[in-house]
Amino acid sequence: MDRAEILSVIKRNILEIVEDIDESDLDPQKSMKDYGATSLDIVEVVSSSMRELRVKVPRSELNSIENIDGLVDALHAAALQKAL
Amino acid sequence: MRFMRRHCRKLCKAVPSPEGSSLLCLQEPGQTACGRVCSQLHEAAGYVPDTAHAKSWPFQRETDENRLGVRLDKSIELIVERAKPCLSMRTISRRLEQIPSYEAERLRNVVCARTATNSLHGLRLMQEVAEASARSAGAAEDTVRIVRDDRGKPHIKSRFGGAPEISLSHCRAHVVLAISQHSPIGVDIEGTRELRAGLLDACCLPRERAWVERADNEQVRRFRFSWLWTLKEAFMKAVGLGLAIDPRELEFSMSDRPRLITSPRGTHCRFLSFAFCGDSVISLCLPYD
């Protein structure tokens with residue numbers, strides 16, 4: 001599983017869960033809050049993405065993530081770890 | 001600490017809870033308060049007006065077209081304002097030049113106009129409260145300012161000391177500010193939402209989930225979930241940790257009045273919730289340990 005696949009899963013979940021976002025607007029350098037996501041939206045996007053990708057990232061790591069790219073990195077690292 | 005316990009008990013006593021419930025109903029700003037009390041959440045989808053009870057409410061409420069102010073006792077206050085019309089991104093950019101640079105920095109990347117509009121609205125509310133606290137202490141308004149801790153929680157910093165604790169929340173339609181003179185406070189407002197697969201798993205423990213799913217219909221299931229979530233988020237905000245806490249580290253017993261039965265470090269709290277505008281919920285959390 002590469003970063004592009006992970007980004008695609010996260011983007012799909014963001015578009016499904018957070019209201020009023022256009023796919024062309026989504027910039028991985030921005031945070032979900034910048035797009036109007038509530039705390040509950042963020043919990044749902046992260047948990048749906050982890051479930052779909054079958055990986056788990058500890059809460060302590062998730063809390064320090066600043067943008068969508070950071071979430072991709074964390075899930076990618078967890079996927080690599082799982083593959084070992 | 002003893003003061004805090006006494007204070008929280010007093011608050012709890014002040015809340016009318018004829019059948020042990022702490023879910024109260026508030027009307028929208030501008031409407032006549034009816035004081036309906038929901039004794040059980042499963043009745044939440046069809047509130048029964050209780051006008052007789054309204055007369056005995058100890059709350060002081062001020063309401064106009066856009067603002068509802070609820071004073072729960074001498075030290076706890078809740079302000080609910082209707083969200084302002086959405087500003088254009090151009091107007092938002094101009095407004096960012098008029099607010100403190102550290103607040104402007106937080107909002108500069110926001111691309112959702114509704115979020116930016118509500119954030120600016122919330123900032124104005126917080127500044128209003130900060131300035132009012134300075135005036136009541138006989139100090140100049142420029143002796144107070146809004147600061148954020150490293151997790152983004154707002155505080156009023158004052159040169160005269162003793163500024164109130166605040167907590168801010170907004171949804172699409174409303175901006176809510178909770179003010180506590182003596183203790184930390186957390187507030188959250190949430191409308192109902194579709195309960196997609198995985199949402200309950202991510203936020204609820206098995207007993208909580210069973211309580212949500214036991215509801216008679218989808219509307220009440222959604223309402224129950226929103227209520228539970230606002231309790232959890234109000235707690236996360238009150239203790240200043242936000243989403244650093246996994247929602248599943250908190251467990252509420254919802255059988256009588258909501259009761260926190262498991263929390264990180266065993267923090268004790270009082271909670272109070274308001275059903276609002278038919279399908280939204282506002283919850284307050286006051287930790288005392």
Subject >> Filter result (within 15 Å of B:Gly242 (Cα to Cα), part of a loop (DSSP other than H, G, I, E, B) and open to solvent by less than 10 Å² (accessible area, probe 1.4 Å)) within region B:179-188 >> reply: B:Ile185
**OP:** Just give me the residues in region A:14-37 being surrounded by fewer than 20 Cβ atoms within 10 Å (Cβ to Cβ), touching a helix residue (DSSP H, G or I) at 6+ places or on another chain (Cβ under 7 Å) and not in a loop (DSSP other than H, G, I, E, B), in sequence order.
**Re:** A:Leu15, A:Glu23
Subject >> Flag if B:Arg108 is within 13 Å of another protein chain (Cβ to nearest Cβ) and closer than 25 Å to A:Lys33 by Cα >> reply: yes
Subject >> Lone unmet requirement of (1) outside any loop (DSSP other than H, G, I, E, B); (2) touching a Leu at 6+ places or on another chain (Cβ under 6 Å); (3) within 12 Å of chain B (Cβ to nearest Cβ) for A:Ile65 >> reply: (1)
Original post:
Give me the pairs: first residue in region A:1-25 and within 12 Å of another protein chain (Cβ to nearest Cβ), second residue surrounded by 13 or more Cβ atoms within 10 Å (Cβ to Cβ) and part of a loop (DSSP other than H, G, I, E, B), beta-carbon distance under 6 Å, and six or more apart or on different chains, which are they?
Top reply: A:Val18/A:Ala37
Original post:
Among B:Arg114, B:Arg135, which is open to solvent by 60 Å² or more (accessible area, probe 1.4 Å), modelled with pLDDT of 90 or more and not in a loop (DSSP other than H, G, I, E, B)?
Top reply: B:Arg135
**OP:** Write out, first by first residue and then by second, each pair whose Cβ atoms fall under 8 Å of each other, whose residues are 6+ apart or on separate chains, and whose first residue, in region A:48-67, is closer than 21 Å to A:Glu16 by Cα and without any contact (Cβ under 8 Å) to a residue 60 or more places away in the chain while the second is of a type in the set (Lys, Arg) and surrounded by 17 or more Cβ atoms within 10 Å (Cβ to Cβ).
**Re:** A:Asn67/A:Lys30
Original post:
Which one is farthest from the other protein chains (Cβ to nearest Cβ), of the residues in region A:38-60 that are open to solvent by 70 Å² or more (accessible area, probe 1.4 Å) and either modelled with pLDDT of 90 or more or under 20 Å from A:Asp2 (Cα atoms) (or both)?
Top reply: A:Arg54
Subject >> Subset of region B:91-108 (residues that are open to solvent by 80 Å² or more (accessible area, probe 1.4 Å) and either in a loop (DSSP other than H, G, I, E, B) or at pLDDT 95 or above (or both)) >> reply: B:Arg94, B:Arg95, B:Glu97, B:Gln98, B:Arg108
**OP:** Just one of (1) open to solvent by less than 80 Å² (accessible area, probe 1.4 Å); (2) within 14 Å of chain A (Cβ to nearest Cβ); (3) more than 30 Å from B:Asp279 (Cα to Cα) trips up B:Gly122, so point out which.
**Re:** (3)
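The values are calculated or read from the model by the stated rules, or taken from the named source; none is laboratory data. If you're wondering where the values come from, they're calculated on a predicted model, not measured in any experiment. Using ideal geometry, Cβ is built from the backbone for each residue, glycine included, and neighbour counts are taken over all protein chains shown. These accessible areas exclude ligands, DNA and RNA; they are computed on the full protein's heavy atoms, side chains included. Shrake-Rupley method; radii C 1.70, N 1.55, O 1.52, S 1.80 Å.
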